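Reviewing the structure listed below.
Please treat every number below as a calculation from the coordinates, not as lab data. As the structure is a computational prediction, the values presented were derived from the model and not from experiment. Cβ coordinates were reconstructed from backbone atoms using ideal geometry, including for glycine residues, and neighbour counts include every protein chain displayed.
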Amino acid sequence: MNNICVYCEIEEGKVSDVSLELISKAVKLAGELKCEVEAVAIGSGLIDIGKQISPFGAHIIHSVDDKRLYPYTTLPHSAVFEHILRENKPQIVLVGATSVGRDLAPRIASSLKCGLTADCTDLVIGDYTDPKSGHEYKNLLYQIRPAFGGNIIATIVNPETKPQMATVREGVMKKEHAAKNFKSTVKVIDPAKILDKVDFAVKVIERHIEQKKVNLAGSQVIVAGGFGVGSKEGFELLNELAKVVGGEVGASRAAVDAGFSEHARQVGQTGVTVRPKLYIACGISGAIQHRAGMDGSAQIISINTDSEAPINSIADVAIIGDLHSVIPKMIKYYKEQSK
Amino acid sequence: MAFRIIVLAKQVPDTRNVGEDAMKSDGTVNRSALPAIYNPEDLNALEQALQIKDKIKDTEIIILTMGPPRAADIIRESMYRDADKGYLITDKRFAGADTLATSYVISKAIEKIGNYDLIISGRQAIDGDTAQVGPQTAEKLNLPQITYAEEIISCEKGKITVKRRLERGIEVVESSLPALVTVHGSAAVCRPKNSKLFMKYKHAKTQTELQTIDDDYMNQTIKNRAYLQIEELSLDDLSCEECKIGLAGSPTKVKKIDNVVLQGKDSKVIADKDTDIKHLMNDLIKNHTLG
C-alpha cells in the first residue's frame, strides 16, 4: 500500500507545530488506509530530527541534510522533495499551509501533475463515484475547505492522479503523541546527486524572523474582536478583559483587514485555529471562515448588538448588547467575584 | 534594450462583499449578484510593475488575463494605470479548470508572448485563496519563483532583489531573471487611474467586443490604432494539449458543495444587564472556566 507523506518545515533546527500536527493526522488516516507515514525533513543540522518526529508516530523519516538547504528556498527543496515523492510514490502528501508550504506544494503538484487543495479544514477518507463514467474509487482523500468567500463548503477529491496533495494551516489538526517508545526509521538521503547548480538561482541575502509573539493556539481563554469593535482603540477594552481573566486577544479577518489588530492574532481559516476553554467573540458576526477557526472551543460567548448574527447560533451564551458597555461589566463582576 | 514585464491579473467576484442574494436557494453561488472586480493582490502586482517602469526607461508592461469576454475590463483598468497592452485568454473550452489546468494554459500563453524579463502576479485571488497558479506557472516555464513579495527593491536586466513578507518576519532574496514574482497584499497600493490614459484607452476593445459595435466610425478608429486592440487568445491560438485543459485537465474534482448550515446550539440569550452579566461571570468562575 502506498504511504502518506508529510513535508516537515524546519526553522532553526526545530520542526514546526503544523508539521507535527499533520504527522498526527497522517497517522490516523494511515490507520484507516492500512499504510505507513513518511516524514520528510530537508534542512541543515538535522542530527536530532528523529527525536523530534518519532514521538508523533511517523514510521519513516527521510532526512536530507545539507548546508545549502537552510534557510528554505524553493528550487532546492522542491528538487529534493520531488525526488523523494517519485521514489516512494505516496498516495497522499500533506504540507503545512505556511509561506513555505504554499510556495513549495504548488510547485511540486505542477511537476507531478497532480491535484492540490489549499487550506483544508478537514481531511477524511471516503469513496467517490464519478458522476459521468460511474466509475467507483475507493478510499480517496476528501479535502474539505470553505470556498467562495466562505459561503460554501467544498469537498474536493483527486480520483485519477496520485499523490493527492493538500495543505493545512497551523492549529487545524491536533498534535498527538504516538505510543511510548515508538521509534521511527531514519533514512538518510544524500542530496549531492539530486541538486543542480541551477537550483540555487535564488539566494537569501537577509532574513529577520521573529519568535512567535502571540500564542493563540496555546491559550485557554481567547477574547476575540471583529469589525464591530470599531477601532484600534476599541481593542484596548478587549486587551483589558483578556488581561484580567488571563487570556489572549484574537481578531477576525475583518478586524485585521481594517487595521484594528495584527495578522498574528487572526483566528479563522486564513489565520490560526484555536480550541480554548472559553472563546469570547466581541463584535464578530461569525462568517464561516472565522467559525472554522474557533468552533472547536469548549465554550463560546458572543457579544453582539445584532441578535441575528450567525455567531449567536453557535454560542453557548449570546449577550445581545454593545461590547463597549458589556465588557466593562464583565471586568467589574469578574474582579468582584474572583477574589 | 527594452525590459518586458508580463503581469498576470484576474477578474474575480467580490467575495468580500457578499450580500444576501449571493447564494441561490439551491445553495449554489449566484455569480451575477456579485460585482466583478480586479483581484486586489493583482493590483499590488501591477503597482510593482509600474514602479519598475518608473525607473527603467523603455519598460513594456503586458497584462495577461484569463476569463470570460468581460474580463477585458481588467486589461483596460490596467491600461488606465499605464500598462501598455494586454492579452485576454478566453475560450469556453478552458472552463472548469483548476489551478493546474489554468497554469498550464497561462504558461502556454506566456510562451507565445515570449521575450519577457519578468512575470509578476498577485499572491492569490480572493475567489479561491489558493496561491497556486503563480508557483505552478513558474514550474511549467522552468523559472525561479519568489512568492510573498512585499517590495521589489531593485531590478535590472538579468537580476532582481525582492523583499518577502513571511508570517513572522521578512526575507530579502536575490534572483536571476527571468523569474516569476507573486506580490503580497502588504505591498504598496496601486496608483489610481490616470485621466489622460483613461481618455486614450477607454475605447480599447477585444475582437469580440468590436463585433458588437455598430458605429462604423468607431470600428474603423479602433482598427486603425493598434494600441486600442486587446488581443484575444483562444485554444486555437495556443499549442495546448486538449487533455490538459478545462475540466478534463483538472485533477481536482468537486465531490460536493454544502451550503453553510448553522448547527443551532441551545444558546442562552442574555441582555446587557448588570444582574445577568454578574451571574454569567460567577458561573464561569464557579465552573473553573475562568480563574
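Details
- Counts of other chain beta carbons within 10 angstrom of each beta carbon in peptide B:124-136 average 6.
- 15 Å beta-carbon shell around A:HIS62, net charge (K/R +1, D/E -1): -4
- Values of log10 I(q)/I(0), in the order q = 0.10, 0.11 Å⁻¹, for segment A:181-339 under a Debye, Cα-only, solvent-free model: -0.46, -0.51
- Point-to-point label distance, B:ALA95-A:ASP196, nm (Cα→Cβ direction, 7 Å offset): 4.0
- Between helix B:40-55 and chain B: long-axis angle, C-alpha atoms, 0 to 90°, nearest 10: 40
- For segment A:208-281 versus segment B:269-291, the gap between their alpha-carbon centres in whole angstrom: 21
- For segment A:212-221, putting each phi into the Karplus relation 6.51 cos²θ - 1.76 cosθ + 1.60 with θ = phi - 60° gives couplings of 4, 7, 10, 10, 5, 4, x, 8, 7, 10 Hz, in residue order, rounded to whole numbers and with x for Gly and Pro.
- Per-peptide packing, taken as the mean over residues of other Cβ atoms within 10 Å, places A:298-306, A:191-199, B:187-195, B:175-183 in the sequence B:175-183, A:298-306, B:187-195, A:191-199 from highest down.
- Per-residue shielding of A:322-332, expressed as the average number of other chain Cβ atoms within 10 Å of the residue Cβ, stands at 3.
- Mean partner shielding of peptide A:207-215, defined as the number of other chain Cβ atoms within 10 Å of each residue Cβ, is 3.
- Ranked A:PHE148, B:PHE198, criterion: other C-beta atoms within 10 Å, fewest first: B:PHE198, A:PHE148
- From least to most packed, judged by other beta carbons within 10 angstrom and beginning with the fewest, A:HIS324, A:HIS59 follow the order A:HIS324, A:HIS59.
- Computed from the Cβ-Cβ distance with R0 of 56 Å, the FRET efficiency linking B:THR221 to A:GLU11 stands at 0.45.
- Full-stretch length increase - A:LYS113, A:LYS243 - with 0.36 nm per residue and alpha-carbon distance subtracted: 41.8 nm
- Helical runs assigned H by DSSP (4 residues or longer) give chain A a calculated mean residue ellipticity at 222 nm of -8000 deg cm²/dmol, each run adding -39500 (n - 2.57) before division by the residue total.
- Degrees separating the helix B:99-113 axis from the principal Cα axis of chain B, which is the longest one: 20
- Each residue of segment B:123-133 was assigned a 3J(HN,Hα) from its phi angle through the Karplus expression (A = 6.51, B = -1.76, C = 1.60, θ = phi - 60°), giving 5, 7, 9, 6, 7, x, 6, 8, 6, 9, 5 Hz with x at Gly and Pro.
- Taking the Cα centre of segment B:3-244 as reference, the dipole from Cβ charges on Lys and Arg (+1) and Asp and Glu (-1) amounts to some 620 debye.
- Between segment A:163-187 and segment B:199-221, the Cα center-to-center distance that results, in Å: 58
- Distance in nm between pseudo-label sites at A:LYS34 and B:ASP283 (7 Å out along the Cβ direction from Cα): 4.9
- Among B:ASP91, B:ASP272, B:ASP237, the residue with the largest mean-square fluctuation in a Gaussian network model of chain B, with springs joining Cα atoms closer than 10 Å, is B:ASP272.
- Amide H contacts of B:ARG81 (H built 1.01 Å from N, under 5 Å, at least 5 apart or other chain): B:ASN194
- What you get for chain A, charging only the Cβ of Lys and Arg (+1) and of Asp and Glu (-1), is a dipole of about 540 debye around the Cα centre.
- Contact order normalised by residue count of chain A, Cα under 8 Å, 6+ apart, percent: 15
- Placing R0 at 45 angstrom, the Cβ-Cβ distance between A:ARG86 and B:GLU231 gives a FRET efficiency of 0.70 after rounding to 0.05.
- Chain B: angle of helix B:274-286 to the longest principal axis, Cα-based, in degrees nearest 10: 90
- Sites B:ARG70 and B:GLU167, calculated FRET efficiency, Cβ-Cβ separation with R0 41 Å, nearest 0.05: 0.70
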